[in-house]
Amino acid sequence: MAAGAVLFALMNFFARLASASAPWASVGAVRALIGAAVAFAVARSRGAPLVATDRRALFWRSAFGTASMLGTFYALSSRTLSLGDTVTLFNLSPVFLALLAPLLLRERTTTATAIAIALSLGGVVLVLRPAFLFGDAAPLMLSSSGPSLAASALSAVLAAVFSSVAMVMLRRAGKTESPEAIAFHFSLFAFVVMSLLALLDPRLPTLRDAGFMVAAGVAAGVAQIAMSRAYALERAARVGSMSYLAVVASAVLGAAVLGERPSALAVGGMALVVAGGLVVTFARDAAPMDPDP
């Protein structure tokens with residue numbers, strides 16, 4: 001899972017680089033297409049079925065997953081929020097899942113959930129540093145072009161919300177579908193949606209940025225396989241905890257390559273968001289599973 005987390009961080013990094021000349025929807029479309037190709041190749045090599053059994057469950061998993069991808073690539077195209085801060089907001093999804101569990105999964109809200117929410121909200125405040133609380137201590141502003149700070153932050157948070165719903169849909173679809181089929185259908189769905197959006201901004205990327213687009217897709221496709229393998233071999237809590245390496249790796253890449261050096265407040269905010277996610281992850285793994293209705 002450590003390799004998967006680093007590969008997801010590389011996907012975010014390459015997507016940020018590619019968006020210098022490529023429309024964010026085009027970057028997402030290429031990532032989805034390569035993801036579909038990887039899922040197809042793995043399914044063929046393992047003899048896993050790709051035909052949908054529960055089309056309704058697959059549709060909703062694909063729809064919410066695509067909505068999350070839209071928010072992800074729009075936020076990554078921003079130059080107003082650093083890569084580390086953006087990926088930190090993406091990783092709010094376990095906390096949102098804990099909030100949605102009583103409604104969607106009929107699971108009880110626990111003390112751990114309340115603690116995780118408080119930690120994560122505190123972390124978001126430190127990452128975004130709203131002016132009415134911090135005055136001039138604004139987040140790292142990289143450029144005035146592209147999506148605004150508010151739009152970038154909102155897109156990243158919405159990506160986390162939709163990702164948490166997609167996790168619920170994945171749990172339902174996983175009862176009847178193979179992992180390869182779920183990844184394949186989701187990737188094709190996302191590719192169609194992203195391609196249609198890309199038609200609204202038909203700019204062609206430079207050759208360098210086209211290479212970054214392909215690199216982002218390959219990194220994401222291999223990361224998906226590594227993550228699926230990790231969950232098959234190890235307890236969910238240990239795998240989930242390793243996934244937060246993506247936050248650290250993204251912040252390091254942003255600082256070392258892009259010159260996005262986070263402030264002490266931002267680093268503290270990242271730590272709180274990660275802590276909130278870990279509290280939820282380990283609490284859910286330790287709790288006894290309720291029987292399916």
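The criterion of at least 2 residues that are modelled with pLDDT of 60 or more is met, among helices (runs of 4 or more DSSP H) falling completely within segment 78-147, by 83-90, 93-104, 111-128.
Selection of segment 49-77 for residues being in a loop (DSSP other than H, G, I, E, B) and among the small types (Gly, Ala, Ser) yields Ala52, Ser77. With respect to the conditions (1) touching a helix residue (DSSP H, G or I) at 6+ places or on another chain (Cβ under 8 Å); (2) at pLDDT 90 or above, Gly174 lacks only one, and its number is (2). Taking the numbered list (1) over 13 Å from the mean Cα position of the chain (by Cα); (2) modelled with pLDDT of 60 or more; (3) crowded, with 18+ Cβ neighbours inside 10 Å in turn, Val239 passes all entries but (2). Taking the criterion of being aromatic (Phe, Trp, Tyr) and more than 18 Å from Leu278 (Cα to Cα), the residues of segment 71-102 that qualify are Phe73, Tyr74. Which of the residues that make up segment 1-33 are of a type in the set (Val, Ile, Thr) and within 25 Å of Tyr244 (Cβ to Cβ)? Selection gives Val6, Val27. The selection criterion, being modelled with pLDDT under 90, under 19 Å from Leu154 (Cβ atoms) and charged (D, E, K, R), does not hold for Asp54. Look at segment 78-104: where a residue is within 19 Å of Val248 (Cα to Cα) and touching a residue at least 24 places away in the same chain (Cβ under 8 Å) and a partner is part of a helix (DSSP H, G or I) and of a type in the set (Lys, Arg), sitting 6+ places away or on another chain with Cβ atoms under 7 Å, you get Leu83/Arg16.
The values are calculated or read from the model by the stated rules, or taken from the named source; none is laboratory data. Bear in mind the structure is a predicted one, so any value in this text is a computation, not a measurement. Backbone-built Cβ (ideal geometry, glycine too); neighbour counts: all protein chains shown.
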